[in-house]
Amino acid sequence: MRPHFLRAATGADAMEIITVKDLTKTFPYSVKEKGLKGSLHNLFARQTLQKTAVNGVSFAVEQGEAVGLLGPNGAGKTTTLKMLAGILYPTSGTVTVVGYVPWERRRDYQRRFAIVMGQKTQLWPDLPALDTFELNRHIYQIDEARYRRTLDELTGLLDVRSLLQVQVRRLSLGERMKMELIAALLHRPEILYLDEPTIGLDILSQRSIREFLHYYNQQTKTTILLTSHYTADIEAICPRSVIINHGSVVFDGPLAEVSEVFGHKKLVSIKARRDLTAGELAQFGAVRQLERSTALLEVERDGLERCLQRLFGAVPVVDLDVKDIPIEEGIAYFYRKAGVDAQ
């Protein structure tokens with residue numbers, strides 16, 4: 001039988017649920033001169049500068065969408081998320097989320113969203129996660145029967161029922177993150193903000209959480225806004241991506257379109273029976289990597305067939321593979337386009 005909370009999804013037409021216009025956030029900071037003299041001078045004539053973390057960001061999210069925020073360190077992703085959650089006040093710009101201004105911190109709005117931050121926890125480390133769940137039940141005034149049903153369904157989906165009585169500090173990172181998600185979803189929020197939810201997790205834990213979030217979004221139509229450094233997170237959960245760099249939006253659309261900037265090129269990986277030289281391979285395409293008998297070439301897609309025919313005629317190939325330019329390169333291109341090389 002379909003889980004109880006999944007029956008909340010409706011077939012209603014999507015509507016805009018998050019609207020962000022020209023959102024800007026600057027942080028003041030002081031410049032300290034060197035030495036004792038500089039410290040004394042700083043007491044009476046401190047030089048204050050401004051760091052722009054978010055610079056005129058605008059986008060909109062429809063109800064039920066899953067949108068990923070991508071960007072290098074310091075791009076402004078987490079700052080944007082914190083303003084949407086009402087944790088930070090903006091310097092300028094406007095935001096409305098389900099009709100509320102987040103930083104007004106209305107109680108009705110706070111009941112309609114949840115935020116999970118991969119590097120911060122809401123769980124008490126010395127207590128079982130179940131104690132935090134009970135506390136959240138009282139905070140959000142969740143009906144006892146509804147709370148029991150939701151808890152049973154979420155722990156079943158995430159396969160952690162047997163861990164509810166275990167001290168949080170004794171759980172693995174992956175198990176802890178699953179408990180964080182359960183704590184955030186107990187009151188069935190309309191919007192889920194996720195900041196690096198898979199950071200530091202092993203591959204299996206990452207996959208499990210991605211599959212859960214994708215399934216949960218598809219079934220409940222909960223709106224998800226996700227920041228991550230892992231393109232695998234975005235690809236698995238979010239059909240749409242917003243790439244931010246230097247605090248500004250440099251791309252907004254399906255992640256698949258990021259690779260289209262290199263759509264006219266292919267990568268050809270070859271292994272030969274003898275050592276190869278860059279000189280003999282240059283006639284077939286740009287040599288990206290070369291190590292003795294293996295090489296990676298970048299070739300034009302339109303001339304790929306002719307290139308391969310010539311390659312087989314000139315080089316004793318024993319293995320060959322053709323693939324698209326990795327999506328990470330497309331993302332790095334947009335980073336550089338905004339003025340910063342990818343880290």
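Residues whose amide H falls under 5 Å from that of E62, counting only those 5 or more places apart or on a different chain, are I17, with hydrogens built in the peptide plane. Near F251, the amide H atoms lying under 5 Å from its own belong to I243; only residues 5 or more places off or on other chains count, and H is placed 1.01 Å from N. The residue list P125, V322, G76 was ranked by how far each Cα lies along the charge dipole of the chain toward its positive end, using unit charges on Cβ atoms, and P125 comes out on top. Considering only protein heavy atoms and a probe of 1.4 Å, how much of the accessible area of the chain is carbon and sulfur, as a whole percent? Summing carbon and sulfur atoms, their accessible area is 50 percent of the total for the chain. To the nearest 0.05, what FRET efficiency results for T26 and V318 with a Förster distance of 41 Å applied to their C-beta separation? Efficiency for this residue pair is about 0.10.
Converting phi to 3J(HN,Hα) with the Karplus coefficients 6.51, -1.76 and 1.60 and the offset θ = phi - 60°, the range 85-91 yields 8, x, 6, 10, 8, x, 6 Hz in sequence order, with x at every glycine or proline. The mean accessible area for residues of the chain, using a 1.4 Å probe and ignoring ligands and nucleic acids, is 52 Å² per residue.
Measuring only protein heavy atoms, the 1.4 Å probe finds T222 accessible over about 10 Å². Packing, as the average of other Cβ atoms within 10 Å across residues, places the peptides 75-82, 45-52 in the order 75-82, 45-52, highest first.
A Förster radius of 35 Å combined with the Cβ-Cβ distance from E298 to A145 puts the calculated FRET efficiency at roughly 0.05. Taking 7 Å steps out from each Cα toward its Cβ at V166 and E305 produces label points 5.6 nm apart. Backbone amide hydrogens, once placed in the peptide plane, bring G68 within less than 5 Å of L226, R240, S241, V242, excluding anything fewer than 5 places away on its chain. Taking each of K82/K120; K51/K77; K120/K221; K77/K265; K77/K120 in turn, the alpha-carbon distance tops 23 angstrom for K120/K221; K77/K265. Protein-only accessible surface at a 1.4 angstrom probe places the residues T220, T277 in the order T277, T220, largest first. For a bin width of 10 Å, list the pair-distance distribution of the chain built from all Cα-Cα distances, rounded to whole %. Distribution as computed: 5, 20, 25, 20, 15, 11, 4, 0 percent.
The values are calculated or read from the model by the stated rules, or taken from the named source; none is laboratory data. Worth saying up front: this structure is predicted, and the values here are computed from it rather than measured. All Cβ positions, even for glycine, are placed from backbone atoms using ideal geometry, and neighbour counts span all protein chains on display. All accessible areas refer to the heavy atoms of the entire protein, side chains included, with ligands and DNA or RNA removed. Shrake-Rupley method; radii C 1.70, N 1.55, O 1.52, S 1.80 Å.
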